[in-house]
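Peer 1: This is the structure, below, for whatever I ask next.
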There are 2 protein chains.
Amino acid sequence: MSVKDLGKLAKSASIKMAILGSEEKNQALRAVAEALLAKKKEILEANAKDMEKAEENGVRGSLLDRLLLTEERIEGIAEGVRQTAALNDPVGEVLWMRTHPNGMTYGQKRVPIGVLGMIYEARPNVTVDAFALSFKSGNAVILRGGKEAFETNQVFVKIIKEALSSAGSIPEAVQMLEDPSRETARELMQLNEYLDVLIPRGGAGLIKSVIENASVPVIETGVGNCHTYVDESADLEKAKPIVINAKVQRPGVCNALETLLVHEAVADEFLPAMLQELKENGVEIHGDERVCSFDDSVIPATEWDWENEYLDLKLAIRVVPSVEAAIEHIAKYSTKHSEAILTESYSASQKFLNEVDAAAVYVNASTRFTDGSEFGFGAEIGISTQKLHARGPMGVEALTTTKYIIYGNGQIRG
Amino acid sequence: MSVKDLGKLAKSASIKMAILGSEEKNQALRAVAEALLAKKKEILEANAKDMEKAEENGVRGSLLDRLLLTEERIEGIAEGVRQTAALNDPVGEVLWMRTHPNGMTYGQKRVPIGVLGMIYEARPNVTVDAFALSFKSGNAVILRGGKEAFETNQVFVKIIKEALSSAGSIPEAVQMLEDPSRETARELMQLNEYLDVLIPRGGAGLIKSVIENASVPVIETGVGNCHTYVDESADLEKAKPIVINAKVQRPGVCNALETLLVHEAVADEFLPAMLQELKENGVEIHGDERVCSFDDSVIPATEWDWENEYLDLKLAIRVVPSVEAAIEHIAKYSTKHSEAILTESYSASQKFLNEVDAAAVYVNASTRFTDGSEFGFGAEIGISTQKLHARGPMGVEALTTTKYIIYGNGQIRG
């Protein structure tokens, strides 16, 4: 089936989805969770094929691990679907309703967006997560997973569709591109007639390609070149565990720390012990001249180090003369994801909160908290790093729009 | 100056704008209003040059009228700026603030978007309106007005910048492309480094070109192929004035009625008198076969008539067998702006409200109410017909985004 045909199917499913009741949606989601558990074996077999092919193609460590499914991981995925079923349904909420001076009652009601598109990479769990969040919020979704996870994704979508059919629900609400090539991805990016929004999830290259090539509205997600600034007034004992947590707890994720900025007034006191502790945690340090002067093992940082996410046990460190210089560095290199200041100064904290332009700005805490579940929204479809529609972690509410509804009895405009 | 240089200036102005207090912004806006009134003569002279050139180039009636400024119109534009100053400042509102189980306080705060881009056509008043709404909401704006209004726009921007300077404010917050060519417009559409959002305002051709060519986020506005459906249960006496109002009161605007759908059960009773009244109001009718059978002056409608906005004293009329058929026609041809049902049936009204996918869905009222001032938001920068970020009339709040602010005291993620 062509991308256009899939779009047509998804569009017509989205019309039915929009008027589905919460309980109908939840029952269908629970049926999908059951089916995933019942068909673990089939999923693992498909995944084994993907893994074998990936290894043949020389795919390396962390990418292989993202692709891999285990019984436990499948159970986790199914549990995620069940948790999504348990979330509040955002659809149908009337945000406000007023009476116009002429007597009309008018208000704003939350409705599904319609047809969502997702373009993502190797992680097959995104297939199920994206379906569950789209379905919960009353949308149809067109998925374009990575080539590497082709077999696993096919089986996931088959199981989901069968479970929706058996539950008497709308199997057409999930569509997956049959051919995960660049050409079909491009077609999806231009499917304005049927697609209401496209959400790319993956590395910086994928996101950039979608932004450049899409004519449908896009929500940019996930690239996180995150900074933590240790101010001259920071409580240095509090600072160390925050830096370690932000860098080490899960280095491959988008809210992990990538560049540490340190005020020059505390560099001598703070950096030697900090560098030691980072090294003990296996972190490779790239630093400016001042940082290099503390430790021979520090690799001199280049422009590349300030500009990029490592997504790894590596950290760039720079000494700065002031909070203003820290804010300026962040304004230049930040991807506007999560930024933190560690300080005991009231003025510095307020200045940083007001002037740093990012989805999440922290005082005295780890950037690792930028996350749907930590913010209380449940599962997230991604973390928006752009400013339109949704900013930061996007839960089911971010997958809705509104419409104005107007109850009149003959009103005309004067 | 190149488009990129203007972008750089606007970006750096936006950082200062973001932390400007409400009273500082309001004073600056009032100074701009004063300056516009004080320099009416200069504006009229520039406008006369534009008008002369347009007439030489054979520009026709309604376009010429859009370009024309009079003393009264300039007073209206200045009054608009003063009213924008009087609006509530959306910036800085904390939408919610909670305490995380770990003790961090976190919440969502409304902040300016940053740098807005506007691409628009002949109406020079958009230059001032767009500046005022952008400035009020703490944004910098890059304007790309129509070639036809070149002289008027230059003078407007000069007056605004001078007034901002004299008021000790930030004149760089408004930038206008010096060369209103296709090439510079294209550059603006790709200015991802400096531009946070691009809002096109104008005809369907302009909007389409921006959607196809922009890599910056776009908010689609304004094209309104609006329908009104007269149900079999409609109160036909109420229906007539609603149809006349929606079509005739201001036929050139986007929320004006373009296609009337009539249930076949009431066609005989409703249409003859309705057609008569439309004709008396100077409306040219394009109808399907059934409509043609009532009146020889009706022009047979073609696919074009269902697909397009007339923006003129013309109306397409079609007889449909059911509310479902009406909803289907609307789903096929609507631009998702404003749609109305006229009915006394509770079920039909609810079905239409739930199933029609548009920014504003009406029962028993004129579609002409889809408007920022009618909905109580004050002036609007446009009417969004897409589903992301803002849908329907966009006031100053639609020109803001949010950021999460987090107050910790050493929290790390477990």
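The values are calculated or read from the model by the stated rules, or taken from the named source; none is laboratory data. This one's a predicted model, so the numbers in the text were calculated from it and none came from an experiment. Cβ atoms come from the backbone with ideal geometry, glycine included; neighbour counts cover every protein chain shown.
Peer 1: Being crowded, with 22+ Cβ neighbours inside 10 Å and either modelled with pLDDT under 95 or facing chain A (nearest Cβ under 8 Å) (or both) narrows it down to one of B:Ile242, B:Ile211, so name that one.
Peer 2: B:Ile242 is the lone residue from the list that is crowded, with 22+ Cβ neighbours inside 10 Å and either modelled with pLDDT under 95 or facing chain A (nearest Cβ under 8 Å) (or both).
Peer 1: Filter the range A:337-364 down to the residues that are of a type in the set (D, E, K, R), at the interface with chain B (Cβ under 9 Å from one of its Cβ atoms) and either in contact with a strand residue (DSSP E or B) (Cβ under 8 Å, 6 or more places away or on another chain) or surrounded by 24 or more Cβ atoms within 10 Å (Cβ to Cβ) (or both) and list them by number.
Peer 2: Hit for the range A:337-364 is A:Asp357, nothing else.
Peer 1: Of all residues being in a helix (DSSP H, G or I), without any contact (Cβ under 8 Å) to a residue 12 or more places away in the chain and not acidic (Asp, Glu) in the range B:279-324, which is farthest from B:His263 (Cα to Cα)? Just the residue, please.
Peer 2: The qualifying residue farthest from B:His263 (Cα to Cα) is B:Trp304.
Peer 1: Give the residue, chosen from A:Gly224, A:Gly252, that is at pLDDT below 95, buried (at least 24 other Cβ atoms within 10 Å of the Cβ), closer than 23 Å to A:Ser373 by Cβ and more than 9 Å from chain B (Cβ to nearest Cβ). So that I can check it myself, show each step before the final result.
Peer 2: Working: A:Gly252 fails: buried (at least 24 other Cβ atoms within 10 Å of the Cβ).
Residue meeting the stated conditions: A:Gly224.
Peer 1: I'm checking my understanding of the structure. Among residues of the range A:365-400 that are assigned to a strand (DSSP E or B) and surrounded by fewer than 23 Cβ atoms within 10 Å (Cβ to Cβ), which one is farthest from the other protein chains (Cβ to nearest Cβ)?
Peer 2: A:Met394
Peer 1: Right, here's the next one. Could you give every pair whose Cβ atoms fall below 8 Å, whose first residue belongs to the range A:107-127 and is not assigned by TED's automatic domain parsing to the domain that holds A:Leu68, and whose second residue is surrounded by fewer than 21 Cβ atoms within 10 Å (Cβ to Cβ) and outside any strand (DSSP E or B), counting only separations of at least 6 or pairs across chains?
Peer 2: Correct list of pairs: empty, since none qualify.
Peer 1: Would you confirm, using the coordinates I've provided, whether A:Asp179 is surrounded by fewer than 19 Cβ atoms within 10 Å (Cβ to Cβ) and not assigned by TED's automatic domain parsing to the domain that holds A:Leu315?
Peer 2: Yes: the conditions hold for A:Asp179.
Peer 1: Same structure, new question: Can you go through A:Lys39, A:Lys53 and tell me which one is in contact with a Phe, Trp or Tyr (Cβ under 9 Å, 6 or more places away or on another chain), in the same structural domain as A:Pro171 (by TED's automatic domain parsing) and touching a residue at least 40 places away in the same chain (Cβ under 8 Å)?
Peer 2: Result: A:Lys53 is the single residue among A:Lys39, A:Lys53 that is in contact with a Phe, Trp or Tyr (Cβ under 9 Å, 6 or more places away or on another chain), in the same structural domain as A:Pro171 (by TED's automatic domain parsing) and touching a residue at least 40 places away in the same chain (Cβ under 8 Å).
Peer 1: List the strands (runs of 3 or more DSSP E) that sit entirely inside the range A:26-125 and contain at least 2 residues that are among the aliphatic types (A, V, I, L, M) and under 19 Å from the mean Cα position of the chain (by Cα).
Peer 2: By residue number, A:115-120.
Peer 1: I've got another one for you. For B:Glu258, indicate whether it is assigned to a loop (DSSP other than H, G, I, E, B) and more than 10 Å from chain A (Cβ to nearest Cβ).
Peer 2: Values: assigned to a loop (DSSP other than H, G, I, E, B): no; more than 10 Å from chain A (Cβ to nearest Cβ): yes.
Taking the combined requirement at face value, the residue does not satisfy it.
Peer 1: Among the candidates B:Ile412, B:Ile330, which residue alone is more than 9 Å from chain A (Cβ to nearest Cβ) and either touching a helix residue (DSSP H, G or I) at 6+ places or on another chain (Cβ under 9 Å) or of a type in the set (A, V, I, L, M) (or both)?
Peer 2: Working: B:Ile412 fails: more than 9 Å from chain A (Cβ to nearest Cβ).
Answer to the selection: B:Ile330.
Peer 1: Oh, and also: Which condition number in (1) in contact with a helix residue (DSSP H, G or I) (Cβ under 8 Å, 6 or more places away or on another chain); (2) closer than 27 Å to B:Gly203 by Cβ; (3) assigned by TED's automatic domain parsing to the domain that holds B:Val283 is the one that B:Phe375 fails?
Peer 2: (3)
Every residue, every condition in (1) closer than 30 Å to B:Ile327 by Cα; (2) surrounded by fewer than 20 Cβ atoms within 10 Å (Cβ to Cβ); (3) not basic (Lys, Arg), yes or no:
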site	(1), (2), (3)
A:Met1	yes, yes, yes
A:Asp5	yes, yes, yes
A:Lys11	yes, no, no
A:Ile19	yes, yes, yes
A:Glu23	yes, yes, yes
A:Lys40	no, yes, no
A:Leu44	no, yes, yes
